[in-house]
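So the structure is just underneath, and the comments pick up after that.
No value in this document is a laboratory result; all are computed from the given coordinates. All values derive from a computational prediction rather than experimental measurement. Neighbour counts are summed over all protein chains in view; Cβ atoms, including those assigned to glycine, are modelled from backbone coordinates with ideal geometry.
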Amino acid sequence: MTDQRPAPIAPERYTEEYFLTACEGYEDFLASDGENLSRRLEAAFALAAVAPGMTVLDVACGRGEIVRHCARLGADAYGFDYARAAIKLARGVIARDAGDAPGKMGLAQADAKHFPYPARAFDRVLMFDIVEHLHPWELHTALLEAHRVLKDDGMLIIHTAPNAWYDRYAYPVVRLFRRLIGQGAAYPADPRQFLVEHNRDVHVNEQSLLSLRRTLRRAGFAGRVWLDSPPQRRQEFVLLAGLRYALFRWPPFRWFFEREVFAVASKRR
């Protein structure tokens, strides 16, 4: 029987240009030379509650700024990515703190389906904006690896976007409404047009609240999965602002209209 699983995305697709023009947080990275995290990354990183003495693994570490932030907090931080361009950028980032950060830092080039670390080695495993880049079979394997390397009392923290239910069910409603008020030109039929061009072909497994919860359970994790969105700072009519509040804050509407998926999970007992 032939293997029907889709082939992984080639690491060559993730170039230095990708990490500096499309990968989440690139604008903040460039503006601050890696000192500041984007709103999304900062929100996800805060969930990890990294503390001195911890060991932390950043899966698909990209440019390396998360590894450096962990080490600055006194944790021993390790990151890996299977794109050579990522490791090159990350080495430059952590070199700036070499000898100054209280925590250790280490990098490796490796595949997310084969973590190059021993079992029960980490207090935290971070998977920020990688889930959507892994086909379902790859994601399951990666989560099994995360389960393997986590300490029994460790935590897995995930951030992924966009919420698949928004694109599938909510966006057509949003587009229709915008067309009715004369803003349809800014809302193409395919919501993927809003993605940075480099991401359109490499987002192969976008999640919903339920799909990520189910996927975590299959890999032996239990925990909380929820939705959130960027803060809205728009000047709008009171009626429209009220409608937006209802859609983003009250179930079942928020299950469809919130844009980002977060999870904090631990090994199921």
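Taking the chain as a Gaussian network of alpha-carbon nodes connected by springs under 10 Å, the highest mean-square fluctuation of the residues Ile181, Ile157, Ile94 belongs to Ile181. Return the single residue from Val56, Val225, Val174 with maximal mean-square fluctuation; model: Gaussian network over the chain, springs between Cα atoms under 10 Å. Residue with maximal mean-square fluctuation among Val56, Val225, Val174: Val174.
Trp255 sits among other residues whose Cβ lies under 15 Å from its own Cβ, and their net charge, with Lys and Arg +1 and Asp and Glu -1, is +2. A cut-off under 12 angstrom between Cβ atoms defines the neighbours of Glu24, and their net charge, with Lys, Arg +1 and Asp, Glu -1, is -4.
Using a cutoff of 8 angstrom between alpha carbon atoms and counting only pairs six or more residues apart, the relative contact order for the chain works out to 18 percent. Helix content alone sets the calculated 222 nm mean residue ellipticity of the chain: runs of n ≥ 4 DSSP H residues at -39500 (n - 2.57) each, divided across all residues, give -10000 deg cm²/dmol. With neighbours defined as other Cβ atoms within 10 Å of a residue's Cβ, the residues Ile9, Ile130 order from fewest to most as Ile9, Ile130. A simple count of charges around Gly92, restricted to other residues whose Cβ falls under 12 Å of its Cβ and scoring Lys, Arg +1 and Asp, Glu -1, yields +1. DSSP beta bridges confined to the chain are antiparallel in about 40 percent of cases. Of Cys70, Cys61, Cys23, the residue with the greatest mean-square motion in the GNM of the chain, using alpha carbon springs below 10 Å, is Cys23. Rounded, prolate or oblate for region 1-153? Axes are the square roots of the Cα gyration tensor eigenvalues, ordered a ≥ b ≥ c, and the cut-off for rounded is a/c under 1.5. Oblate, since a/c reaches 1.5 and b/c is not below a/b. Ranked by how many other Cβ atoms sit within 10 Å of their own Cβ, fewest first, the residues Ser32, Ser208 fall in the order Ser32, Ser208. Stokes-Einstein, applied to the Kirkwood radius of region 166-224 over Cα pairs at a viscosity of 0.890 mPa s and 25 °C, places its translational diffusion at 179 µm² s⁻¹. Mean separation of Cα pairs under 8 Å and 6 or more residues apart, divided by the residue count, gives region 70-118 a relative contact order of 51 percent. A simple packing score, the average count of other Cβ atoms within 10 Å per residue, orders the peptides 133-145, 71-83 as 71-83, 133-145, with the highest score first.
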